[in-house]
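Engineer: One structure coming up, written as structure tokens, with questions to follow.
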Amino acid sequence: MTTTRKQYSPKFKAKVAVEAIRGERTLSQLSSQFRVHPVQIGQWRKTATEHLADLFVDGRKSKRSGEEVERTRCTRRSAG
């Protein structure tokens with residue numbers, strides 16, 4: 001008999017990670033509540049804290065480069 005690995009949705013992972021970051025409960029308590037291994041919760045918490053700063057990156061730079069790419073496409077179309 002084969003067993004399949006449990007797959008959690010990103011929304012669920014984020015919910016558990018936020019609870020772990022809050023620190024109101026221990027990983028063991030969260031593990032019992034969400035039925036996820038404490039090590040897994042720790043990994044999700046670590047991943048969330050590492051990538052949290054990426055959410056606040058100024059997106060205006062990438063928008064400008066996107067506009068430049070669009071201008072380049074337009075000039076190539078009109079030239080060809």
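Any read-out appearing in this document is the output of simple, stated calculations on the displayed coordinates, not a laboratory observation. Please read these numbers as outputs of a predicted model, since none were measured by experiment. Don't worry about glycine lacking a Cβ; one is built from the backbone with ideal geometry, like all the others, and counts go over all protein chains shown.
Engineer: Using Cβ contacts closer than 10 Å as the measure, can you line up SER32, SER9 from fewest to most?
Structural biologist: Going from least to most buried by this count: SER9, SER32.
Engineer: Quickly work out the GLN43-to-VAL57 label distance, labels modelled 7 Å from Cα along the C-beta direction, and quote it in nm with one decimal.
Structural biologist: Output for this residue pair reads 2.4 nm.
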